[in-house]
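Report on the structure given below.
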Amino acid sequence: MKAPQRIKTIQSRIASSFVMLVLFTALLLIFISYRLSESAVRETAESYTSELINQVNANIQTYITGMKDISLAAMNNPNVREYLASADELQPAELAILKAKISEYFHSIRVSRKDIASINIFGAGDTFISDRADAELNPYIALSEQPWYRQAKENKGQTVISSSHVQPVIKGEYRWVVSLSRELSGVNPSNGLGILLIDLNFKVINDMLSKLDLGNRGYVFVIDRQGRIVYHPQQQLLYSNLKTERLERVISDKQGGFVVKEGGASRIYSIKDTDFGWKIVGVFYENELVDNKKQMQLSFAIAGLLCLGVGVLFSVVISRNLTRPIKKLQEKMMEVEKGNFDIRVPVGHSREISGLARSFNVMVLKVKELMDQIVVEQEIKRKSELNALQAQINPHFLYNTLDSIIWMAESKKHDEVILMTSALARLFRASLSKGREMIPIATEVEHITNYLKIQQMRYQDKIRFALAIDRELYPYLTLKVLLQPLVENAIYHGIKNKEGPGTVTITGKFQHNRIEFQVRDDGIGMDQSKVETLLTSKEGNPARNSVGIANVHQRIQLYFGAEYGLSYTSEPGSGTCVKVLIPAVHPEEWRSLEGDVP
């Protein structure tokens, strides 16, 4: 498959290469920048979530530590210890007073701590002291069956932190609490005297965790060491199995978190273990925490398009600048193809283009020199050919003239022989002209005058001649033997075949800045088709006079230009007129041009 023509240009190739390079670079940078930005945003989000969970852990730890402190204070309270140790020995009145003091003590603690829901001591024989004097045990609840009670007994004095649950031990109260329970003992730690129960108001934890911001769908939940839910924003859905949580993986995780792929989104779990066995889990969705992801993608896309647009613009400008010298060189080469060798290519600043321009200029200069040399050689060759043709004319004329002289000598016409021989000698002397091509018109007039004398002696009354050339033309130059072939043509093709005598009239005058000769005869004339062939005599034409006329015409144009030469007008029976147009060349002017002055 061929590439489009426009793609074949160097500018298009350079521009397309730059565009592809810019596009590849822009896409690579956008991809890397986007991935780095996304990673940075994700790390920031994870760090934020981790710090948030640490803060939650610290707050919950504060509550739990406060509950433990309260339990220690209660254990060391002398009234509490006396009550648990001597309850069976005290009188009812003393026992009531002691219970009132303990209840007042617990009440004062609860009032000072808004997060504490209740403080209770459960002794042997269903004895019970609460921070409220009017509190009564729920008759439908067995204390020993309560998880917090049972775990406190099992842990022998160690604090037990329960999961969140509804506390039903107080009659008429069903609060969501987190319970701290602890068995109180006497001197012998294995001999338990009662259970201390401190309930933390679950609303405190709920309010604290529900206000955390982890995106629109992110949340925090808390489980205990058994995987039971302490807090979850959708706790009811979990209990009703309408929602599930990856509790097993959270419990077994040792890396501080994991990522769950759900469809095209990622849910990230960040886990923090507490000192009391709970796990605080932050769950957030990557596409929400990176909430500006689409905006970031759009920004990178716009930046990429801008980079691509700027890259394309620069590619076009750079490729145009790079190829402009080449295009100029191409234009100059097309000019050379048209024959203009006078042009030069400016040398540019770049090393390669300047070297190419210099080579081109040198080449054009040498071609022009060769062309000029060829033209000069061709002109010289053509002049030599025309001179050779001219030299071929004279032998014919010489032969006929000598034949006439012989005939007159045989007829004892000595005076005519002397006159013709003298005219022939002057004719040849004028035609030689010391080898010069340009001779004064006066010399050409002398030449044609002698020629006419010879012809008139040969043809006697058959031919009459009239010569009327302005004398002011005599100093000017003309090609030698210019008029003789024309007169010869008039005699042999115009007068000779005419019945009766004929006249050849030769005139010369200025025609503006030019010189015009006319050779007119009243011979038989010729039709237009023959006229048209006179000046276009081709090689091999047997007509000697046609060759001579064409020779004169070509010599004039070769020396003076195409605007000069011969022009014929003729009609059968009306004679023929040939005009010769040459420039008015003064000897001084010719000396400055050719240095050849007669």
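The values are calculated or read from the model by the stated rules, or taken from the named source; none is laboratory data. Keep in mind the model is a prediction, meaning the values are calculated, not measured. Note that we place each Cβ from the backbone using ideal geometry, even for glycine, and neighbour counts take in every protein chain shown. Areas reflect the complete protein model, heavy atoms only, side chains present, ligands, DNA and RNA absent. Shrake-Rupley method; radii C 1.70, N 1.55, O 1.52, S 1.80 Å.
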Practice task
For every other residue with a beta carbon closer than 15 angstrom to the beta carbon of I161, add +1 if it is Lys or Arg and -1 if Asp or Glu, then tell me the sum.
Solution key: -2
Exercise for the section: Take L452, L365, L193 and sort them by solvent-accessible surface of the protein heavy atoms, 1.4 Å probe, largest at the top. Expected result: L365, L193, L452
Fill in the blank from the handout: If R0 = 35 Å, then N241 and K156, at their Cβ-Cβ distance, give a FRET efficiency to the nearest 0.05 of 0.45
Practice task
Between the alpha-carbon centers of the stretch 499-526 and the stretch 396-457, tell me the distance in whole angstrom.
Solution key: 21
Exercise for the section: Can you send over the solvent-accessible area of T421, 1.4 Å probe, protein chains only, in Å² to the nearest 10? Expected result: 60
Fill in the blank from the handout: The answer for K413, listing residues at least 5 apart or on another chain whose modeled amide H is closer than 5 Å to its amide H, is none
Fill in the blank from the handout: So, over other residues within a Cβ distance under 14 Å of V504, counting Lys, Arg +1 and Asp, Glu -1, the net charge is +3
Exercise for the section: Heads up, I need the accessible area for K261: 1.4 angstrom probe, whole protein in place, Å², nearest 10. Expected result: 150
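Using only helices, what value at 222 nm comes out for the chain when you add -39,500 (n - 2.57) per DSSP H run of length 4 or more and divide by the total residues, to the nearest 500 deg cm²/dmol? Mind showing how you got there, number by number?
Working: 16 runs with 311 residues, N = 598.
Helices in the chain give a 222 nm mean residue ellipticity of -18000 deg cm²/dmol.
Can you give the extra length, in nm with one decimal, that the chain gains between F510 and S50 once fully stretched, where that is 0.36 nm per residue apart less the Cα-Cα distance?
Length difference between fully extended and current span is 153.9 nm.
Work out which helices of the chain, taken as complete DSSP H runs, extend at least 18 Å along their axis over the Cα atoms and score a mean Kyte-Doolittle of -0.5 or more, then list them.
Taking the DSSP H segments of the chain (at least 18 Å long, mean hydropathy at least -0.5), we get 10-76, 92-112, 293-337, 351-410, 414-432, 441-459, 544-560.
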Practice task
Return the carbon/sulfur percentage of the accessible area of the chain, one whole number, probe 1.4 Å, all protein chains in place.
Solution key: 55
Fill in the blank from the handout: Once amide hydrogens are built 1.01 Å from N within the peptide plane, the residues lying 5 or more places from V585 or on another chain with amide H under 5 Å from its amide H are L477
Handout entry: Exposed-site-free run, longest, the chain (rule: chymotrypsin sites (Phe, Trp or Tyr not before Pro); DSSP loop; at most 12 other C-beta within 10 Å)
Key = 175-598
Exercise for the section: Determine the gain in length on full extension of the stretch Q295-A265; use 0.36 nm per residue of separation and subtract their C-alpha separation, reporting nm with one decimal. Expected result: 9.1 nm
Completion exercise
With all protein chains in place and a 1.4 Å probe, T507 shows an accessible area in Å² (nearest 10) of 40
Problem - Distant-in-sequence amide H partners of S179 (H built 1.01 Å from N, under 5 Å) - result: S162, L200
Exercise for the section: Once you've got the Cα coordinates, tell me which of K171/K279; K153/K211; K327/K381; K381/K498; K261/K294; K68/K254 are over 30 Å apart. Expected result: K171/K279; K153/K211; K327/K381; K381/K498
Fill in the blank from the handout: For the chain, the per residue accessible area (1.4 Å probe, Å²) is 56
Handout entry: Neighbour cut-off at most 14 other Cβ (10 Å), DSSP loop, trypsin sites (Lys or Arg not before Pro), the stretch 493-530
Key = K496
